[in-house]
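The values are calculated or read from the model by the stated rules, or taken from the named source; none is laboratory data. Bear in mind the structure is a predicted one, so any value in this text is a computation, not a measurement. A quick note on method: Cβ atoms are made from the backbone with ideal geometry, for glycine too, and the neighbour counts reach across all protein chains shown. Quick note on the areas: whole protein, heavy atoms, side chains included, nothing else; ligands and nucleic acids left out. Shrake-Rupley method; radii C 1.70, N 1.55, O 1.52, S 1.80 Å.
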Amino acid sequence: MLTASLVPLLGAFVADSFLGRYRTIIISSLIYTLGLGLLTLSAVFTSLGSTNSPPQIQIMFFFFSLYLVAVAQGGHKPCVQAFGADQFDYDDPEECQAKSSFFNWWFCCVSCGTTVNLVVLIYIQDNLGWVLGFGIPCLPWELL
């Protein structure tokens, strides 16, 4: 949790100094998808094992996947919201008001989406399995 909370500082610096917001969003999204895929794969490896404690390499693979997701969030979090705010014209009074509304709706949707997602995924992980619970967020929903 600490890593996912601190890495956006580095992600914002990289976006502002080197890559730009758009490239940072694209690269972070690809890293995020890779991290979720590896996290799903770590759950597959754990479900295939029959021992009570997994080997050290599986534990390292699991934590590497989690840190990859945290690094991807570090590039994604500071850029997406600012990229959305850049779509509004600062000189137009109506769009300034709409920008304020954008941030309110952004926060509301992110909070509600996170809550629903956590409830659904925890239910799936508890009742249907960890592989499915980690695999669903990794699916390319744009293609469905």
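Side notes on the structure shown:
- Test: I31 is in a helix (DSSP H, G or I) and in contact (Cβ under 8 Å) with a residue 40 or more places away in the chain: yes
- Only one of G113, G135 that is assigned to a helix (DSSP H, G or I) and either modelled with pLDDT under 85 or touching a helix residue (DSSP H, G or I) at 6+ places or on another chain (Cβ under 7 Å) (or both): G135
- Lone unmet requirement of (1) part of a helix (DSSP H, G or I); (2) open to solvent by 30 Å² or more (accessible area, probe 1.4 Å) for V69: (2)
- Taken as a whole, segment 8-27 holds at least one residue that is in a helix (DSSP H, G or I), hydroxyl-bearing (S, T, Y) and free of Cβ contacts under 8 Å to residues at least 24 places away in the same chain.
- Complete set of residues in segment 77-105 that are in a helix (DSSP H, G or I) and open to solvent by 70 Å² or more (accessible area, probe 1.4 Å): K77, F83, P93, E94, Q97, F103, N104, W105
- Here the condition is being under 19 Å from V110 (Cβ atoms), at pLDDT 80 or above and not β-branched (V, I, T); of S5, S28, S17, it holds for S28 alone.
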